[in-house]
Each structure stands twice: as C-alpha cells, then as structure tokens.
Amino acid sequence: MARLTERIALVTGGLGGIGAAVAHLFAGEGATVLVTDLGPLGTRTVPPGATYRTLDVTDESAWHALAEEIRRDHGRLDVLVHSAGIAVSRPLLDTSPDEFRRVQETNTTATFLAIRAAAPLMPPGGSIVTLSSVNGVLGATGLAAYAASKFAVRGLTKVAALELAEAGIRVNAICPGSIATEITASPGFADTDMAAYTKTIPLGRRGAAQDVAEAALYLASDASAYVTGTELVVDGGITAGRRFPKR
C-alpha cells in the first residue's frame, strides 16, 4: 500500500539532490507533491503530476504567498520537507561576515520561515521534516558557517516539536552524513580527498540522496506517528564513534 496516499506534501529545494529524491519517492507513494526551488524549472523535471513553483526560501512574503496558494488549491498541507540549503567550504578565519550571514539566512532563518508558513495549514497528523546535517551534530574543519546553521536547525526543530505537539503536528530533523549531491561536487569542495574520507565511513561508502529520501518517507508517514522532536542520523555510522586503524 502507498504510504502517503491522499497526503499533500511540499518539498523545498526539490529540483536536485536530496529534495528531488524526496519529491519522486513521495509521488510514488501516492502523495500530491508541490515542489519549490530557486529559479525556473528549465530543463529540470518534477515527478508526474507534481506542481512546481519558484521560491526564495529567505523571502517571508514569498512564503506567505505560497501558503495562501496551498490553502486555496488544496485546503491544507500534510507534510513539509524543507530541503533547501547551501554550504560554504572555507576556514573560519577566511569566512567573511557576509558569507556567514548568507548561510545562516538560507539554512536557519529559512527553516524558521518554512515552519511558520506550513504549520497553520496542517491538520492533526501533519509532519514537518527539517534538514540538519551530521555537521549539526559534529563540527568539521572548513565548515564554520554551515555547521553553525545546522546546529541551529536542530534546536529550532526541537522547539517547534514541543510547541506544535498540542496541535498534533510532528517535527523532526534528518542529519545526513556525506551524501553525493551537487553541493559536495561544487568547486568549494574540490580539495577534499573524497576517497580517503570515504574510508573513514564505517559502512564504507558515501550516501545517496535516496538514502535520505527513505528516512524522510518514514518521518512523513504514519510509521513514525509517535516520533517527534528527534534527529534521524543517516550517516553510515560516522557519528557512532571513533575507529582505530590497524597497523
């Protein structure tokens, strides 16, 4: 049986990487999917039957307009997966204040705006899934702005879970580890030795966007009806602890 039949689901950052994998999986599970991203659709695709809208996730007025559109066209929203985000790979002392602020605005403030826009549309049983990161659990060199934003997303998620529980709305975060997406393929990560890094992952491989999408499906569905205010770490074992190399 499809696990999201008759659900209305909004996926931000849905044209690539994790967001796209979530949108396609949810559509295949019976949801009516609304996809947003920054910029026109162009040659990129959304799942059959899905609706696409451009959305600057840092723009409060744009969130208000989208919420009114969802209310008018669907009457409610059952699931939000807020996947949109950015990363800057740069040592802390080389990160400019403007860069730092831009990452916080896109990753943290936008999550705040997303929850504020989505929650009033949700009936009891609604589910909000935010995207933190393994770098919202553990620090990492070169990712000061990103780690700060993703630690903040975890805290915001917990507060939202507490405050929305009375309305029957669940709020949880996913903390992906090293996932092969456009972000880590960008020039900012060109000096990272991915082969060496992969050897440190207990399961011996980097994650795929589909790995995270399956976690989002669990948190969006009734299978997680008693789960709220937590983080689901999808990292191949990175945060489990240290491993000591053999001679």
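Values in this text are rule-based calculations from the coordinates and carry no lab data. Predicted, not measured: the structure shown is a model, and the values here were computed from it. Neighbour counts are summed over all protein chains in view; Cβ atoms, including those assigned to glycine, are modelled from backbone coordinates with ideal geometry.
If you go through segment 100-107 one residue at a time, do you hit one that is more than 16 Å from residue 136 (Cβ to Cβ) and not in a helix (DSSP H, G or I)?
no
Going by the structure shown, is residue 130 under 17 Å from residue 104 (Cα atoms), of a type outside the set (Lys, Arg) and assigned to a strand (DSSP E or B)? Explain how you work it out, then say what you get.
Numbers: under 17 Å from residue 104 (Cα atoms): yes; of a type outside the set (Lys, Arg): yes; assigned to a strand (DSSP E or B): yes.
Criteria met by residue 130.
Can you tell me which residues in segment 87-115 are within 16 Å of the chain's Cα centre (by Cα) and either hydroxyl-bearing (Ser, Thr, Tyr) or more than 21 Å from residue 232 (Cα to Cα) (or both)?
103, 104, 105, 106, 108, 109, 111, 113
Run down 44, 72, 7 and say which single residue is closer than 19 Å to residue 170 by Cβ and of a type in the set (D, E, K, R).
On inspection, the qualifying residue turns out to be 7.
Could you list, ordered by first residue, the pairs with Cβ atoms under 6 Å in which the first is in segment 13-28 and touching a residue at least 12 places away in the same chain (Cβ under 8 Å) and the second is assigned to a helix (DSSP H, G or I) and of a type outside the set (Gly, Ala, Ser), at least 6 apart or interchain?
If the second residue must be assigned to a helix (DSSP H, G or I) and of a type outside the set (Gly, Ala, Ser), the pairs left are 18/212; 21/210; 25/217.
In this structure, does residue 67 turn out to be more than 17 Å from residue 219 (Cα to Cα), in contact (Cβ under 8 Å) with a residue 40 or more places away in the chain and either touching a Phe, Trp or Tyr at 6+ places or on another chain (Cβ under 7 Å) or surrounded by 14 or more Cβ atoms within 10 Å (Cβ to Cβ) (or both)? Give the steps one after another, and end with the answer.
Details: more than 17 Å from residue 219 (Cα to Cα): yes; in contact (Cβ under 8 Å) with a residue 40 or more places away in the chain: yes; either touching a Phe, Trp or Tyr at 6+ places or on another chain (Cβ under 7 Å) or surrounded by 14 or more Cβ atoms within 10 Å (Cβ to Cβ) (or both): yes.
It is true that residue 67 is more than 17 Å from residue 219 (Cα to Cα), in contact (Cβ under 8 Å) with a residue 40 or more places away in the chain and either touching a Phe, Trp or Tyr at 6+ places or on another chain (Cβ under 7 Å) or surrounded by 14 or more Cβ atoms within 10 Å (Cβ to Cβ) (or both).
Please work out which residue is nearest to residue 121 (Cα to Cα), limiting yourself to segment 148-169 and to residues that are surrounded by 21 or more Cβ atoms within 10 Å (Cβ to Cβ) and touching a helix residue (DSSP H, G or I) at 6+ places or on another chain (Cβ under 7 Å).
Across segment 148-169, the extreme among qualifying residues is 169.
Collect the residues in segment 136-172 that are touching a Lys or Arg at 6+ places or on another chain (Cβ under 7 Å) and not in a helix (DSSP H, G or I), keeping them in residue-number order.
142
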